[in-house]
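Peer 1: Questions regarding the structure given below will be posed in turn.
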Amino acid sequence: MANSIFKNAITQILKNDSNKIFGPISFNKYLKENNICNVSTAQNISIDSYEKLNKELRDNNIMVLRLGNAIDSKGTQFALIKTENINDYFLIDDEIFTKCGYTYLPTKSIRDLFAYQVFPFLSESSFVNLGVVSGLISRALGLDEYNVPLTPAMGKSVFTFKLYPYSKYKDVIFTHNNGQVEIDGVLVAERKEKQTVFVLEAKSDKSHKSLSKHKLVYPVLALAKNVPKDMEIVPVYIKIFKEEDGIHYHVVECKLPDPRKKLIAIDELKVKRYSHLVLPIFDLK
């Protein structure tokens with residue numbers, strides 16, 4: 001049943017040569033109009049990896065975006081976008097990551113890091129905090145080491161912002177309307193003596209080997225208006241794995257046009273540089 005949820009919408013897109021976008025429309029309204037019941041909204045339109053994208057959409061190079069609250073009805077709105085290549089909307093681990101990393105020896109004392117040893121396991125946020133406190137993230141991002149915060153700020157709230165659905169369709173503007181955006185972490189630190197805001201998205205799930213670009217772009221758009229124009233905003237994807245030889249940090253620094261200067265598209269997020277560092281000192285279960 002799951003693969004047929006978007007069948008009618010896909011048919012409309014493929015039949016229309018002049019318009020390769022379906023929606024935005026309330027997901028509940030779409031389900032009702034197509035007599036579809038007992039379907040999870042989040043599972044079908046809140047997609048954070050290539051693997052979670054509906055197979056029928058993947059096969060037709062169509063992306064789904066969650067766009068906050070529906071304007072004309074109740075519930076969450078979504079849109080479908082026909083792309084030239086569905087990978088334009090994802091960071092694919094196998095295209096970025098290396099198998100072998102470089103050992104990183106912490107610059108901090110054992111006392112500073114001891115709290116991370118007392119837990120039998122660490123959450124994603126704790127892995128990120130460990131990377132920051134140990135100095136590993138500072139090294140990966142080339143930060144001025146004397147001015148690194150102890151832990152990143154994190155949170156979630158509702159935000160409204162505008163964006164292009166795709167860099168090929170800049171005659172269409174989407175509004176993410178008062179929808180929830182979760183922000184894994186924000187670091188403010190100096191790099192080359194310039195104050196910089198790093199927006200972090202962290203994952204530690206081995207079953208998914210990709211990240212939807214909007215997971216970085218949405219937080220950047222949500223925060224951009226509150227960041228002074230002389231401070232650069234840098235999106236960063238962090239993938240963390242516990243292996244026998246230590247904790248592997250894959251740190252992917254991305255680049256994105258400045259949303260404070262012009263409207264941007266999600267697929268304009270690109271990889272700028274990548275580091276693979278291994279923290280060898282913890283025997284975490």
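Peer 1: Looking at the chain as a GNM with Cα springs under 10 Å, which of Tyr89, Tyr249, Tyr104 has the largest mean-square fluctuation?
Peer 2: Tyr104
Peer 1: Report the net charge of residues surrounding His214, where surrounding means a beta-carbon distance below 9 angstrom and charges are Lys +1, Arg +1, Asp -1, Glu -1.
Peer 2: Neighbourhood net charge equals +2.
Peer 1: Follow-up. Once the dipole of segment 92-280 is set up with Lys and Arg at +1 and Asp and Glu at -1 on Cβ about the Cα centre, which of Ile238, Val220, Pro165 lies farthest towards its positive end?
Peer 2: Pro165
Peer 1: Per residue, what volume in Å³ does the Cα convex hull of segment 1-150 take up?
Peer 2: 203
Peer 1: I would also like to ask the following. Can you work out the FRET efficiency for the pair Ser123 and Asn38, with r the C-beta to C-beta distance and R0 = 51 Å, to the nearest 0.05?
Peer 2: Step by step, r from the Cβ atoms, then E = 0.95.
Peer 1: Related question: How much length would be gained if the chain were fully extended between Lys29 and Ile173, taking 0.36 nm per residue of separation minus their Cα-Cα distance, in nm to one decimal?
Peer 2: Full extension from Lys29 to Ile173 adds 49.7 nm.
Peer 1: Got a sec to turn the phi values of segment 257-270 into Karplus ³J(HN,Hα) couplings, 6.51 cos²θ - 1.76 cosθ + 1.60 with θ = phi - 60°, whole Hz, x for Gly and Pro?
Peer 2: Once θ is set to phi - 60°, the couplings for segment 257-270 become x, 5, x, 7, 9, 7, 5, 10, 10, 4, 6, 7, 5, 10 Hz.
Peer 1: Skipping prolines and chain starts, which residues have an amide H placed within reach, meaning under 5 Å, of the one on Ile264, given they are 5 or more residues away or on another chain?
Peer 2: Tyr164
Peer 1: Which value, in debye to the nearest 20, describes the size of the charge dipole of the chain about its Cα centre when Lys and Arg Cβ atoms bear +1, Asp and Glu Cβ atoms bear -1, and nothing else is charged?
Peer 2: 680
Peer 1: Turning to a different aspect of this structure: State the answer as a single residue: which of Val132, Asn44, Leu143 lies farthest towards the positive end of the charge dipole of segment 44-160, with beta carbon charges of +1 for Lys and Arg and -1 for Asp and Glu, about the Cα centre.
Peer 2: Working it through, the farthest residue towards the positive pole turns out to be Val132.
Peer 1: For segment 6-82, what's the radius of gyration and Dmax over Cα atoms, in angstrom?
Peer 2: That works out to 11.8, 33 Å for Rg and Dmax.
Peer 1: Just in segment 179-285: which GluC sites (Glu not before Pro) are loop by DSSP and have at most 12 other Cβ atoms within 10 Å?
Peer 2: Loop-located and lightly packed - Glu193, Glu244.
Peer 1: To continue, here is another question. Given the Cα-Cα distance of Ser207 and Glu51 and 0.36 nm per residue of separation, how much length would full extension add, in nm?
Peer 2: Length gained between Ser207 and Glu51: 55.3 nm.
Peer 1: What's the long-distance tail for the chain, i.e. % of Cα pairs beyond 36 Å?
Peer 2: Across the chain, Cα pairs with separations above 36 Å total 20 percent.
Read-outs throughout are calculated quantities, based only on the coordinates presented, and are distinct from any laboratory measurement. Being a predicted model, the structure only gives us computed values, none of them experimental. Because the Cβ atoms are built from the backbone with ideal geometry, glycine has one as well, and the counts that use them run over all protein chains shown.
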